[in-house]
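Take a look at the structure below.
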Amino acid sequence: MTDNFKLDLTHRPRRLRRTASLRALVEETVLRPADFIAPLFVVEGQGRPEEIASMPGVFRLNLADVVKECRALHRLGVPAVALFPKLDPKLKDHEGTQALHEETLILRAVRAVKKAVPEMTLLTDVALDPYTTHGHDGVLTAAQDDVANDRTVGILAKMAVLQARAGVDLVAPSDMMDGRVGAIRRALDAAGFTGTGIMAYSAKFNSGYYGPFREAVGSAQAAGTRLLSKATYQLNPANRREAITEALLDEAEGADILMVKPAGLYLDIIRELRDATRKPVAAYQISGEYAQIHAAARLGWLDYARCRHESLLAIKRAGADMILTYFAKEMAALLKA
Ligand code: PBG
């Protein structure tokens, strides 16, 4: 009886999934090397690359190796890198003063890469967490019970100008202070850097998945182990409307690109922001998202290549125009081949 069961169907969507070539014809989302921004960690000295334990395949690189890596990424068609400094702990202090030194590591890295690979678009974080002993993204109030919003913004605006002067194409405020995008825009313009863009970490959530990154840059101390957590500035993962409000404020203050971070767990935010703005939307597939795929693949529980691809495809399908991802290099190599 079930053997000759027949449906009288006009629509059979499986028709277009029948062969590989039909499936290729109707594919809606395609990844390409130019979708990716590679985050790179820079460290002082001439040492060999140091692998980050919780991020297999990701290394802290000395200046010369960062330049080499940028050349390789450029050859593979990756258009941009985001540079992050791992500071010597001796250079950190309560106020993060090292962030405003002309010769600080990140500015030397920017100048070196710009000189060697001028075509590469360079991004740098504007936030104090790599520079402060407490690991917060800003300076603290006298009572040390909060990050001092306005005083922090004043420092960040100076930091952005230094980065622009060193050759950064897009400064990326990742601190989540109120009013920072507008202040940075005004400071850049006043210093003559009208062409330097702002990629705002607009919807940056207070995520547990930043753990491996904090190991990489040595900023783990804050992050909730002390009285003051990043929850007073980063978004509550429960809040969708507030995320869009933040992003639209950044747009109004002059952000050129709006970013959502993390990415894979926040696809609804990416989509909603895509529909709410005409600006480009970036998404940051963060360290914990990367670590999860690696860990499960090592245990033999997930297929590495498939899940890597699917994780990025989902972010692009949700509406991201560009993706910051630690998979950038290997994906570009794969897609270019
Ligand atoms: C710091 C910053 C963080 C990341 C990028 N910039 C972490 C944090 O807020 O502690 C996270 C990136 C990642 O996890 O890959 N402002």
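The values are calculated or read from the model by the stated rules, or taken from the named source; none is laboratory data. The model shown is predicted, which means the values in this text are computed figures rather than measured ones. Cβ sites come from the backbone with ideal geometry, for glycine too, and all protein chains shown count toward neighbours.
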Answer residue from the stretch 110-131, given it is under 18 Å from the mean Cα position of the chain (by Cα) and either assigned to a helix (DSSP H, G or I) or among the charged types (D, E, K, R) (or both) and is surrounded by the most Cβ atoms within 10 Å (Cβ to Cβ) among those: Asp129
Tally of residues being within 16 Å of the ligand (Cβ to nearest atom), within 21 Å of Leu83 (Cα to Cα) and not polar (S, T, N, Q) across the stretch 302-329: 9
Every pair of residues 6+ apart whose Cβ atoms lie under 8 Å, when the first sits in the stretch 236-258 and is at positive phi and modelled with pLDDT of 95 or more while the second is basic (Lys, Arg) and surrounded by 18 or more Cβ atoms within 10 Å (Cβ to Cβ): Gly254/Arg185
Ala295 among the hydrophobic types (A, V, I, L, M, F, W, C), in a helix (DSSP H, G or I) and either within 16 Å of the ligand (Cβ to nearest atom) or over 22 Å from Gly208 (Cα atoms) (or both): yes
Strands (runs of 3 or more DSSP E) (entirely within the stretch 1-86) containing at least 1 residues that are closer than 25 Å to His101 by Cα and of a type in the set (Val, Ile, Thr): 36-43, 80-86
Number of the exception - Lys204 against (1) within 18 Å of Gly138 (Cβ to Cβ); (2) near the ligand (Cβ under 10 Å from one of its atoms); (3) assigned to a helix (DSSP H, G or I): (3)
Some residue of the stretch 189-196 being out of contact with any Phe, Trp or Tyr (no Cβ under 6 Å at 6 or more places or on another chain), more than 16 Å from the ligand (Cβ to nearest atom) and in a helix (DSSP H, G or I): yes
